[in-house]
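To start, the structure under review is shown below, and the notes come after it.
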Amino acid sequence: MTQVLFYLILGVCLWALGLYGLLRLKESIRRIISVNIMGSGVFMVMVALAARSEDPDPVMHALVVTGLVVAISATAFALRLSVADVQEDDQ
Amino acid sequence: MGMTVITPLLYWLSWIFLLLSAGFFIAGTVGMLRFPDIYSRLHAVTKADTLGLGLLVIGLSLRADDLYSVGIMILIWLLVMGSGATACQLLARYGRESEGDTEADDVAS
Amino acid sequence: MSLHEWMLDGTLGLLVLILAVAVLHVRSLYISIVLFIAFGLLLALIWARLGAPDLALAEAAIGAGLTGTLLLAAYGRVSERRRKAEEPLDWHAGPALLLSLIIAVILMRAVWPLPDLDSALVPAVADQMAQSGVGHPVTAVLLSFRAWDTLLELLVLLLAFMAVRQLLPSLPRQPEAWPLLQAWSRLLAPLSVLIGGYLLWRGSADPGGAFQAGALLAAGAILLRLTGLLPALGWHHFWIRALILGGCMVFLAIGVAGYWLGTGFLGYADGWAGPLILLIEVFATLSIATTLTLLVIGETREVRE
């Protein structure tokens with residue numbers, strides 16, 4: 001087993017763990033964390049694939065940098081939605 | 001730059017510092033896990049990490065290629081020390097202010 | 001690979017898995033968030049292991065730092081009552097586990113042959129590097145070969161900010177900041193500007209660039225805002241609007257200018273690629289920093305009314 005394969009498998013495991021959390025947890029913040037863990041699994045697969053060649057694949061790296069920023073945008077929006085929902089409940 | 005030539009003596013000396021630093025990190029971690037209350041845990045983790053990181057910086061400086069990387073490592077050490085001290089103060093204050101429900105506190109710390 | 005490399009990879013991998021399981025299973029939401037921050041920092045180490053220093057920087061700043069702050073802020077806003085209420089689980093453990101396992105097995109079979117295949121993109125990028133105007137391949141992909149993606153990404157960030165703005169601004173009143181924290185923030189904030197500027201400048205030749213620099217600047221601004229050293233920020237300030245929109249507008253203007261001058265949309269004229277990319281990066285950094293700051297600390301209620 002090579003280093004690349006090791007991290008590919010790890011990425012798949014993280015993705016599956018995140019999915020399990022997403023299905024099992026009800027609290028919205030925890031669900032958002034689960035989706036973030038799934039995203040980390042995807043990033044890990046992509047970074048491991050980038051490490052296949054002698055010089056790491058810059059296209060994959062650029063995609064993951066983009067992905068990180070998109071992930072935090074979506075997380076911020078989702079968190080604000082979940083908090084807005086709570087505030088309406090409390091009023 | 002090539003300021004330092006890595007001699008075998010420096011190399012072995014750096015191992016001593018690296019091992020010492022690993023010892024401090026392990027002691028700090030054990031202290032954080034085993035000590036009873038928030039203050040002694042903070043004490044263990046900040047003291048050991050500051051010292052551990054300092055020894056690590058010394059150990060790595062002895063085998064660094066140039067002064068530039070030594071300077072960067074010392075800067076990192078100073079930053080981590082400052083952050084550690086500030087975070088330690090904040091956590092200790094938080095611990096003192098929310099004394100009463102110490103159980104939740106212990107878990108949260 | 002040698003044994004000690006395997007020990008390092010194995011330890012990192014095992015720790016990441018344990019942390020992910022702990023994040024999902026620990027009872028207290030607060031501990032779960034703190035563990036998630038640790039998870040992000042560990043991921044940054046793994047990116048560095050896999051030869052991706054750009055990602056390590058971005059993950060530590062964005063994935064662990066800013067996302068952690070967002071989660072903690074959301075945690076502070078959710079009421080105690082709501083948090084303690086026992087909620088029923090959506091799925092039973094059995095079916096959820098089964099479904100996750102089945103999909104994991106399918107994905108494993110899909111990724112198994114991948115390590116032996118080669119990507120055609122690596123030599124393609126290496127061939128074109130000379131024409132990109134920058135020396136760092138990741139920056140070349142982000143701002144030259146696939147500038148479209150980066151422009152659209154800035155728009156996604158803008159869209160997320162606009163969407164968040166439409167919801168209630170809901171930052172609870174902050175407690176008085178402690179003097180020590182204020183003093184430390186006074187020291188850290190200028191450092192974040194210095195290091196952010198350095199990362200931006202180095203991004204054309206070495207790991208770094210607009211996103212990492214923007215995230216660092218945002219971290220400095222958030223620290224100042226949280227310790228009460230910065231006044232409330234809001235969309236109604238002209239300069240905030242200019243900073244947030246500046247990134248997209250400069251990017252679009254340069255894209256349209258390229259179209260007009262005959263090099264195509266987002267095509268740079270010969271010899272101009274380097275300076276134009278730097279110009280876009282400067283404005284993108286400021287835009288990313290302002291948008292992330294406002295996304296994380298939000299607009300305060302006084303400001304909106």
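Read-outs: derived from the displayed coordinates by stated rules, not from any lab. As the structure is a computational prediction, the values presented were derived from the model and not from experiment. All Cβ positions, glycine included, derive from the backbone under ideal geometry; neighbour counts span all protein chains shown.
Structural remarks
- Note, ³J(HN,Hα) from phi for the stretch B:67-78, Karplus 6.51, -1.76, 1.60, rounded to Hz, x at Gly and Pro: 5, 4, 5, 4, x, 4, 5, 5, 4, 4, 4, 4
- Longest site-free stretch - chain C; sites: trypsin sites (Lys or Arg not before Pro), DSSP loop, at most 13 other Cβ within 10 Å: C:28-172
- Summing Cβ point charges (Lys, Arg +1; Asp, Glu -1) relative to the Cα centre of chain C gives a dipole of roughly 1080 debye.
- Phi angles across the stretch B:25-31 convert, under the Karplus curve 6.51 cos²θ - 1.76 cosθ + 1.60 with θ = phi - 60°, into 3J(HN,Hα) values of 4, 5, 4, x, 5, 4, x Hz, Gly and Pro given as x.
- Label sites at B:SER69 and C:ARG186, each approximated as a point 7 angstrom past Cα along Cα to Cβ, lie 3.7 nm apart.
- Integer Hz, Karplus 6.51/-1.76/1.60 couplings in order for the stretch C:137-153, x for Gly and Pro: x, 5, 5, 4, 5, 5, 10, 10, 6, 10, 4, 3, 4, 5, 4, 5, 5
- Paramagnetic label zone (point 7 Å from Cα along Cα-to-C-beta, C:LEU45; backbone N under 17 Å) in the stretch B:49-78: B:49-50, B:52-54, B:56-57
- Helix A:3-24 and the longest principal axis of the Cα set of chain A meet at an angle near 20°.
- Surrounding net charge for A:LEU8, when Lys and Arg each add one and Asp and Glu each subtract one, Cβ distance under 13 Å: 0
- Cα centre as origin, Lys/Arg/Asp/Glu Cβ charges: the stretch C:1-117 dipole, Debye: 500
- Sparsely packed loop sites in the stretch A:18-87 (the trypsin sites (Lys or Arg not before Pro) outside DSSP H, G, I, E and B with at most 16 other Cβ atoms within 10 Å) comprise A:LYS26.
- Gaussian network model of chain C, springs between alpha carbon atoms under 10 Å - residue of C:GLU281, C:GLU153, C:GLU59 with greatest fluctuation: C:GLU153
- Between the stretch C:185-229 and the stretch C:6-56, the C-alpha centres lie 24 angstrom from each other.
- Per-residue Cβ neighbour counts within 10 Å put C:ILE106, C:ILE288 in the sequence C:ILE106, C:ILE288, beginning with the fewest.
- The magnitude of the dipole of the stretch B:8-99, with charges of +1 and -1 set on the Cβ of Lys/Arg and Asp/Glu and taken from the Cα centre, is near 180 debye.
- Shape call, the protein assembly as shown: gyration tensor on alpha carbons, a/c limit 1.5: rounded
- Ranked by how many other Cβ atoms sit within 10 Å of their own Cβ, fewest first, the residues A:MET38, A:MET60, C:MET249 fall in the order C:MET249, A:MET38, A:MET60.
- Secondary-structure-derived ellipticity at 222 nm for chain A, considering helices only, amounts to -30500 deg cm²/dmol, per-run term -39500 (n - 2.57) for DSSP H runs with n ≥ 4.
- In chain A, GluC sites (Glu not before Pro) in a DSSP loop with at most 10 other beta-carbon atoms within 10 Å: A:GLU54
- Most fluctuating residue given options C:ASP116, C:ASP206, C:ASP149, as computed from a GNM of chain C linking Cα atoms under 10 Å: C:ASP116
- Listed residues C:LEU99, C:LEU151, C:LEU121, most fluctuating in chain C (Gaussian network, C-alpha, under 10 Å): C:LEU99
- Placing unit charges on each Cβ (+1 for Lys and Arg, -1 for Asp and Glu) gives chain A a dipole about its Cα centre, and among A:SER53, A:LEU19, A:SER73 the Cα reaching farthest toward its positive end belongs to A:LEU19.
- Only DSSP H runs of four or more residues enter the estimate; each adds -39500 (n - 2.57), and after division by the residues of chain C the mean residue ellipticity at 222 nm equals -23000 deg cm²/dmol.
- Approximate spin-label separation B:ALA92-C:ILE31, in nm, with each point projected 7 Å along Cα-to-Cβ: 2.5
- Alpha-carbon centroid distance for the pair the stretch B:19-74 / the stretch A:22-86, whole angstrom: 32
- Least to most buried among A:HIS61, C:HIS236 (fewest other Cβ within 10 Å first): C:HIS236, A:HIS61
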